[in-house]
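The values are calculated or read from the model by the stated rules, or taken from the named source; none is laboratory data. Quick caveat: nothing in here was measured; it's all calculated off a predicted structure. Cβ sites come from the backbone with ideal geometry, for glycine too, and all protein chains shown count toward neighbours. Areas reflect the complete protein model, heavy atoms only, side chains present, ligands, DNA and RNA absent. Shrake-Rupley method; radii C 1.70, N 1.55, O 1.52, S 1.80 Å.
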Amino acid sequence: YATMAARRSRGAELAAFIERAFLQDDLEHWGPKLDAAGIIWAPNVGLPEVAADPTLRQRNAFQPLELADGRVGETVGVPFVVRGADIRARGAASPAGADTWEVLARAGLNEDEIEALAAEGVFG
C-alpha cells in the first residue's frame, strides 16, 4: 500500500480490511482515535438524522414547499446566498412523466417521433 496505484489495485481488499477493523468497536471508541490521528471524519448518518440536525435547521438548510394538493412539505434549500436575489424552490416538481412530451418537443422531436417512443414503452 505504499503508493496510490498499489492501494487502488488492492482497493477492495483494503476496504474490507478497514471495514473489519472498524466493526470491532463503536463510534465512542473510534472518534477520539481518528481525532488524535488528525483524520477528518464524520459519522455516517441516514436521511432522518440529516433532516433533524440542529445545525442544518439553524442554517435554514430546509424550506417549506407547497405541494400540488395544498399540503405543505419540506425540501432542501439552496446551499448558497446571492445578495438581493430570491433564490428558492418555488413549487413542487411535476409528477413523473407529466412534462415528457413537451420537453421532447422543445428538444426538436416531432409528434410522430414522440409517439413512436411512447409506443416502444420508453416512457415507462
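A few points about this structure:
- Among the residues listed as L67, L104, L109, the single one being over 30 Å from L23 (Cα atoms) and modelled with pLDDT under 90: L67
- Residues that are in a helix (DSSP H, G or I), under 21 Å from P43 (Cα atoms) and either in contact with an Asp or Glu (Cβ under 7 Å, 6 or more places away or on another chain) or open to solvent by 70 Å² or more (accessible area, probe 1.4 Å) (or both) within segment 13-25 comprise F17, I18, E19, R20, F22, listed in sequence order.
- Taking every residue in segment 60-75 that is closer than 10 Å to A89 by Cβ and pairing it with any residue that is basic (K, R) and part of a loop (DSSP other than H, G, I, E, B), at least 6 positions away or on another chain, the pairs with Cβ-Cβ distances below 8 Å are Q63/R88.
- Test result for A52, more than 23 Å from the chain's Cα centre (by Cα) and more than 28 Å from G124 (Cα to Cα): no
- Filtered by the rule that a residue be within 16 Å of N60 (Cβ to Cβ) and surrounded by fewer than 10 Cβ atoms within 10 Å (Cβ to Cβ), segment 88-99 gives no residues.
- Of all residues making up segment 40-74, the number that are open to solvent by 100 Å² or more (accessible area, probe 1.4 Å) and among the hydrophobic types (A, V, I, L, M, F, W, C): 4
- Filtered by the rule that a residue be within 26 Å of the chain's Cα centre (by Cα) and either open to solvent by 70 Å² or more (accessible area, probe 1.4 Å) or under 14 Å from Y1 (Cβ atoms) (or both), segment 27-39 gives L27, I39.
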